[in-house]
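Please read the structure below before turning to the comments.
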Amino acid sequence: MADRLKIGITCYPSLGGSGVVATELGKLLAEKGHQVHFITHSMPFRLGKFQKNIYYHEVEVNDYYVFRYPPYDLSLASKMAQVAKMQQLDILHVHYAVPHAICAFLAKQMIGDQLKVVTTLHGTDITVLAQDESLSDIIRLGINQSDAVTAVSEDLIRETRSLLAIDKPIDLTYNFVDKRVYYPRDVTGMRHDFASSNEKILMHISNFRPVKRVSDVVEVFAKVSAAMPAKLLLVGEGPDLPKVQCKIRELGLEDRVHFLGKQDDVAQVISLADILLLPSEKESFGLVALEAMACGVPTVGSNAGGIPELVTHGETGFLAPIGDTELMAQYCITMLSNEALYKRFSQACLDRSRFRFCNDLITQEYENIYYRVLGKE
Ligand code: GMT
């Protein structure tokens, strides 16, 4: 049995994919016998029930009256150092360069070189923030001072190198799904609540930020539903929701679209769909497409960022240039009007998710990185 480690994890506890990946990874590491300490400003939303080997340390921000802005980053760095010292952490694994890699760097200055820092880049820290000149130098510092850096796609590794001129090796660690949670669920009964038996279900799940191009989802759906009976299920909420509601009204689609709001049981909800739509402008990986894939649901979307590394065009879904809603709709119609073809895609989704993106494999990849930086290979 390899060494059991003490690992601190910091992430945005309430934020989409990166928070999910960080939390699920922590749970899996704890199951394997490592001691995992979450150091975050609130309880990670996917942490769930009590589990052996998992600890939560809340970062409290000092609101001293001379501070114009409460110094969250300094409180986090101090808390990381405190927990590292008290619990004798081996590793601080931070998700997102800003501010977490910088805080970990500060914590390491307080603790000493025996504390190793692993930083995972998830996307917008690079694709958006690294383009802001006021932040690029500090992001570069956080990356260069980490003992290991991982990114969730080859595309994100390339972007990090080109935007920040980073030479340091960056490990590829794809997003993953827990195969005990993500598998095709039997939702026959529930499906009738949303669509009749001759209707296909298209679905989109996101935080409705502009980068997700949810208006394209509506355009694709309008074209598909003009060709065959279909319903659209929209899951999640966010800044673009009012604009999307407006577009649905403009196109007269109100009676064919259901808004489900935020949902926790993604595996159950996604199993309702025939196709997941992901037409994003930027997407470093696209965890939701993997969640769909693991439930046997193919994706039709854009070829942005890391999506093509996940969705194999013509095998587990179809990808089109960003904004090409005509082509995306054609792809949906092709798949949905040929049952044999659809079954082949659905099976390929199950095989690929289990083979390349399963929890055992990716957890092992992270563990190998921890052992490497600790010199315990
Ligand atoms: O996609 C979002 O808006 C949430 C964002 C996040 O920071 O949680 O997701 C990013 O990280 C996920 C986990 O690695 C990736 O699967 C998403 O593709 C990535 N989002 C973007 O790059 C826009």
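The values are calculated or read from the model by the stated rules, or taken from the named source; none is laboratory data. Owing to the predicted nature of the structure, the values given are computational and were not obtained by experimental measurement. Cβ placement follows ideal geometry from the backbone for every residue including glycine, while neighbour counts extend to all protein chains displayed.
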Inset, instruction - Determine the pairs where a residue that is more than 18 Å from residue 296 (Cβ to Cβ), located within region 323-344, has a partner that is among the aliphatic types (A, V, I, L, M) and outside any helix (DSSP H, G or I) with Cβ atoms under 8 Å apart, the partner being 6 or more residues away or on another chain. - result: 327/320; 328/277; 328/300; 328/320; 333/228; 337/228
Inset, instruction - Show the residue pairs that are 6+ apart or on different chains and have beta-carbon atoms under 6 Å apart, the first residue being within region 243-256 and outside any helix (DSSP H, G or I), the second being not hydroxyl-bearing (Ser, Thr, Tyr). - result: 251/222
Legend entry - residue 363 assigned by TED's automatic domain parsing to the domain that holds residue 292 and either at pLDDT 95 or above or within 23 Å of the chain's Cα centre (by Cα) (or both): no
Inset, instruction - Please tell me if residue 185 is of a type in the set (Lys, Arg) and buried (at least 24 other Cβ atoms within 10 Å of the Cβ). - result: no
Inset, instruction - Kindly check whether there is at least one residue in region 104-121 that is acidic (Asp, Glu), surrounded by 16 or more Cβ atoms within 10 Å (Cβ to Cβ) and either in contact with a strand residue (DSSP E or B) (Cβ under 6 Å, 6 or more places away or on another chain) or modelled with pLDDT of 90 or more (or both). - result: no
Inset, instruction - Could you tell me whether region 123-136 includes any residue that is among the acidic types (Asp, Glu), surrounded by 14 or more Cβ atoms within 10 Å (Cβ to Cβ) and within 16 Å of the ligand (Cβ to nearest atom)? - result: yes
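Quick check on residue 213: is it more than 16 Å from the ligand (Cβ to nearest atom), out of contact with any Leu (no Cβ under 6 Å at 6 or more places or on another chain) and of a type in the set (D, E, K, R)?
no
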Inset, instruction - Output yes when any residue across region 159-175 is in the same structural domain as residue 285 (by TED's automatic domain parsing), free of Cβ contacts under 8 Å to residues at least 24 places away in the same chain and touching a helix residue (DSSP H, G or I) at 6+ places or on another chain (Cβ under 9 Å), and no when none is. - result: no
Legend entry - In region 279-309, the residues that are more than 9 Å from the ligand (Cβ to nearest atom) and under 23 Å from residue 359 (Cα atoms): 291, 292, 293, 294, 295, 296, 297, 298, 299, 308, 309
